[in-house]
Amino acid sequence: LANNDGREYIETQLSAPLVVGRKYCVEFYVSLANASMYGIDAIGVCFSTDSVLDNTGFYPLLSSYTPNISNASNNIIIDTVGWSLVSGIYFASGGEKFITIGNFNNNAGTDTSVVNSAGSGSYFYIDDVSVYGCDTSSIEIPNVFTPNGDGINDVFLINNTALETLHYEIYNR
């Protein structure tokens with residue numbers, strides 16, 4: 001946080017694009033740097049198909065991007081010794097390849113608390129960023145399979161909502 005809405009962001013490319021409709025758990029930890037003047041509440045994550053960073057200046061991504069996940073507690077993060085968890089759930093649009101972390105709010109939309117009057121801005125250390133599929137698996141496995149052509153239980157079909165791979169064996173009782 002700076003007097004002119006200036007921002008710095010951290011961005012990286014994901015190891016694989018996100019899958020449309022899939023539920024992802026997102027979490028990371030932040031710790032306020034000792035030299036910061038302000039603790040803030042507005043740390044968030046934005047997923048995108050392309051890089052959103054503009055290296056021409058410290059300008060916020062306010063007009064084009066809304067965070068997909070924000071500091072859910074809405075508490076001002078002032079801890080300079082420990083780590084504060086920022087986490088949330090994201091349902092992918094599909095094809096997202098980049099994750100960007102930072103403050104996507106303007107100064108007026110950011111709650112602050114002065115923690116060091118000799119400091120400047122608001123700088124955070126970021127650690128342990130995780131994005132992983134967290135769909136709840138639901139598997140329906142039939143307990144009867146009689147492929148005798150009578151139209152009843154002729155097909156052995158396993159319905160699942162989240163598994164990408166399933167290995168199974170069928171035994172004759």
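Read-outs throughout are calculated quantities, based only on the coordinates presented, and are distinct from any laboratory measurement. The structure presented is a predicted model; accordingly, all values stated were derived computationally and were not measured. Virtual Cβ from ideal backbone geometry, glycine too; neighbours counted across all protein chains shown.
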Can you grab the distance from the C-alpha centre of segment 29-52 to the C-alpha centre of segment 77-142, Å, no decimals? 7 Å
Give me the net charge of PRO17's neighbourhood, meaning all other residues with Cβ under 10 Å from the Cβ of PRO17; Lys, Arg count +1, Asp, Glu -1. 0
